[in-house]
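Notes follow the structure.
The values are calculated or read from the model by the stated rules, or taken from the named source; none is laboratory data. For clarity, every value in this text was computed on a predicted model and none was experimentally measured. All Cβ positions, glycine included, derive from the backbone under ideal geometry; neighbour counts span all protein chains shown. In case anyone asks, the SASA skips ligands and DNA or RNA and just uses the protein heavy atoms, side chains included. Shrake-Rupley method; radii C 1.70, N 1.55, O 1.52, S 1.80 Å.
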Amino acid sequence: MEKTGIILKKYIKYGMTQIELGKMIGVTPQYINNIFNSIKGPSENFLEKFYEIFDVSSEDKRKIQEYEEFRRLPEKYRKELLFLRGHGFKIEKGKEGVIGNFNKNEIFKFLKKKKNF
């Protein structure tokens, strides 16, 4: 899963500093640095301005949303989901959210099992 900072860095023009970007968006260079280094998630306001300035693709917007939702999960859930993905399970989002849930022992159980082929 690609991190938000890595996706956003693709849109920064060569030589643009975090100071310059911060002035364009109205945030501090430290805030941008925290986002780029996955220390902090971006605010909706930041993302809206960034998307407008840099014409971010729909696919990258989707990836950012997916990663930020993942980031907000408790660490033990993130580890379990990454473990399952690493073992060939495809974890999808549907209308109900992730196709599966965590049981009382905090083990992820799929409602549907799918393998990547």
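Among the aspartates and glutamates, which fall within straight-line cross-link reach of Lys10, defined as a Cα-Cα distance under 20 Å, with same-chain neighbours fewer than 8 residues apart omitted?
Glu2, Glu20, Glu44, Glu48, Glu52, Asp55, Glu59, Asp60, Glu66, Glu68
Could you order Asp55, Asp60 so the one with the most accessible surface comes first? Probe is 1.4 Å. Working shown, then result.
On the way: Asp55 125, Asp60 10 Å².
Accessible-area ranking of Asp55, Asp60, largest first: Asp55, Asp60.
Quick one: if you stick a label point 7 Å off each Cα along the C-beta vector at Ile39 and Leu73, how many nm between them?
So the two model labels end up 2.6 nm from each other.
How do Glu59, Glu48 stack up against each other in accessible area, from largest to smallest, with a 1.4 angstrom probe? It would help to have the intermediate numbers written out before the result.
Working: Glu59 90, Glu48 115 Å².
Of Glu59, Glu48, the descending order of accessible area is Glu48, Glu59.
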